[in-house]
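For reference, the structure discussed in these notes is given below.
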Amino acid sequence: MRTTMVPNLGREISLVGLGTWQLGGDWATVGDDAAQEVLAAAADAGTRLFDTADVYGDGRSERAIGRFLAGRADRADFTVITKMGRRAEPHEPAAYTLDAFRAWTDRSRENLGVETLDLVQLHCPPTAVYGDERVYDDLRTLQAEGRIARWGVSVELVDEALAALEQPDLATIQIIVNIFRRKPLERVLPLAAERGVGIIARLPLASGLLSGKYDEHTTFAPEDHRTWNRDGSKMNIGETFSGIPFEVGVAAAREVAALTPAGWTTAQMALGWLAQVGVATMIPGASRPSQAVSNAAAAEMPALPEETMRALEDIYDRHCRRHVHDVF
């Protein structure tokens with residue numbers, strides 16, 4: 001697996017990671033044994049980065065990763081990135097306190113079975129939090145106390161990422177970037193590279209749209225966020241299909257699929273595109289071992305031709321730009 005050195009993280013990470021929201025059981029029913037099989041398949045395929053959060057299944061995802069890594073001789077080769085903040089009730093800036101940070105990270109340390117968390121990211125907090133110097137000082141206190149090694153942010157908006165980039169010791173930014181969400185390429189990725197910050201591309205397949213497997217008649221289970229959050233009523237609408245209306249995304253994905261090189265899957269092409277635009281890692285999910293293996297293989301695919309890259313940009317401009325570019 002190709003790796004990326006992230007200066008502010010102080011380590012190399014695999015170009016393709018594994019997102020594990022689905023292992024928490026919130027919206028994709030993956031049993032405990034199946035979760036271990038997915039993690040093992042990803043690791044065997046060279047994946048050395050797992051992304052999780054304290055709210056994924058109320059800690060179930062973290063515990064699955066902790067169980068998988070427990071006792072492994074190569075544990076130090078893996079980077080586990082978790083997130084905190086969505087446990088706050090109510091979810092408002094005042095809830096982001098040092099005492100809360102200590103409680104949340106202590107819980108994650110127990111779930112993962114570690115003394116020090118590799119990386120903790122603020123989990124899409126209210127926008128005002130990104131401009132609060134006290135919050136960043138509290139994160140530095142967690143480092144000094146040995147609870148965390150590094151810290152970063154997960155964001156909804158480009159402006160939130162740019163605010164966080166004012167911090168000289170920011171390690172990573174987790175942001176939605178994919179063929180259907182290109183705005184971060186304009187300012188966030190270049191500035192992050194200049195400042196040694198790693199970009200973690202989340203929703204790299206736009207909630208599955210970029211697998212090329214959906215059509216206008218596809219439906220999802222009632223517990224799936226692709227059913228209950230299409231209107232953005234439960235969480236930011238950008239978290240579902242990257243903020244693109246489903247029917248628009250299906251049409252755009254059909255054109256993307258037509259550009260897929262022979263021998264590739266459309267999902268692999270979408271991940272290959274990300275590898276070319278300069279992200280440090282990407283975190284596609286997988287609910288089956290075969291998906292984890294296929295995703296990992298994208299790290300070794302050759303570069304897409306320039307004409308394909310231009311055609312993908314044209315698809316974005318015609319189908320997606322008006323829905324997301326000035327929103328996120």
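The values are calculated or read from the model by the stated rules, or taken from the named source; none is laboratory data. Predicted model, so just to flag it, every value in this text is computed and none were measured. Cβ sites come from the backbone with ideal geometry, for glycine too, and all protein chains shown count toward neighbours. These accessible areas exclude ligands, DNA and RNA; they are computed on the full protein's heavy atoms, side chains included. Shrake-Rupley method; radii C 1.70, N 1.55, O 1.52, S 1.80 Å.
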Quick check on Q268: is it at pLDDT 95 or above, open to solvent by less than 70 Å² (accessible area, probe 1.4 Å) and polar (S, T, N, Q)? yes
Look at the stretch 66-94 and say how many of its residues are of a type in the set (A, V, I, L, M, F, W, C), more than 19 Å from S14 (Cα to Cα) and open to solvent by less than 10 Å² (accessible area, probe 1.4 Å). 2
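Looking only at helices (runs of 4 or more DSSP H) that fall completely inside the stretch 1-120, which ones have 2 or more residues that are closer than 24 Å to D169 by Cα, modelled with pLDDT of 95 or more and not charged (D, E, K, R)?
Working: elements: 32-44, 60-69, 98-112.
Helices (runs of 4 or more DSSP H) meeting the threshold: 98-112.
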Number of the exception - T3 against (1) touching a residue at least 40 places away in the same chain (Cβ under 8 Å); (2) buried (at least 21 other Cβ atoms within 10 Å of the Cβ); (3) of a type in the set (S, T, Y): (2)
How many residues of the stretch 238-264 are closer than 21 Å to G57 by Cα and surrounded by fewer than 17 Cβ atoms within 10 Å (Cβ to Cβ)? The answer is 0
Pairs under 7 Å by beta carbon, first residue part of a loop (DSSP other than H, G, I, E, B) in the stretch 272-289, partner at pLDDT below 95, six or more apart or different chains? S287/Q22; S287/A28; S287/V30
For the stretch 121-156: of the residues being open to solvent by less than 30 Å² (accessible area, probe 1.4 Å) and polar (S, T, N, Q), which is nearest to L170 (Cα to Cα)? Q121
G208 being modelled with pLDDT under 95 and either within 30 Å of V135 (Cα to Cα) or assigned to a loop (DSSP other than H, G, I, E, B) (or both): no
What's the number of the only condition in (1) in contact with a helix residue (DSSP H, G or I) (Cβ under 8 Å, 6 or more places away or on another chain); (2) under 13 Å from G285 (Cα atoms) that T97 fails to meet? (2)
The residue that is surrounded by the fewest Cβ atoms within 10 Å (Cβ to Cβ), considering only those in the stretch 45-65 that are within 15 Å of F78 (Cβ to Cβ), charged (D, E, K, R) and without any contact (Cβ under 8 Å) to a residue 60 or more places away in the chain, is R48
Quickly run through the stretch 121-164 and pick out the residues that are of a type in the set (G, A, S), part of a helix (DSSP H, G or I) and closer than 19 Å to L9 by Cα. A144, A161, A163, A164
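Restricted to the stretch 280-303, and to residues that are under 18 Å from R181 (Cα atoms) and open to solvent by 10 Å² or more (accessible area, probe 1.4 Å), which residue is modelled with the lowest pLDDT? Before you say what the answer is, go through the steps one by one.
Filtering the stretch 280-303 down to residues under 18 Å from R181 (Cα atoms) leaves 280-285.
When the remaining residues are screened for being open to solvent by 10 Å² or more (accessible area, probe 1.4 Å), the result is 283, 285.
Working: I283: 98, G285: 94.
Applying the filter and picking the extreme gives G285.
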Is one or more of the residues making up the stretch 223-237 surrounded by fewer than 18 Cβ atoms within 10 Å (Cβ to Cβ) and small (G, A, S)? yes
For the stretch 99-115, enumerate the residues that are surrounded by 15 or more Cβ atoms within 10 Å (Cβ to Cβ) and either more than 16 Å from V153 (Cα to Cα) or in contact with a Leu (Cβ under 9 Å, 6 or more places away or on another chain) (or both). A100, F101, R102, T105, R107, S108, R109, N111, L112, G113, V114
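Taking the stretch 192-209 as the search range and keeping residues that are free of Cβ contacts under 8 Å to residues at least 40 places away in the same chain and within 17 Å of F328 (Cβ to Cβ), which one is least open to solvent (accessible area, probe 1.4 Å)? Steps first, answer last, please.
Of the residues in the stretch 192-209, the ones free of Cβ contacts under 8 Å to residues at least 40 places away in the same chain are 192, 194, 203, 207-208.
Next, only the ones that are within 17 Å of F328 (Cβ to Cβ) stay: 192, 203, 207.
Details: A192: 0, L203: 33, S207: 19 Å².
Filtering the stretch 192-209 for residues that are free of Cβ contacts under 8 Å to residues at least 40 places away in the same chain and within 17 Å of F328 (Cβ to Cβ), the one least open to solvent (accessible area, probe 1.4 Å) comes out as A192.
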Condition (residue is open to solvent by 20 Å² or more (accessible area, probe 1.4 Å) and assigned to a loop (DSSP other than H, G, I, E, B)) applied to the stretch 307-315: is it met by at least one residue? no
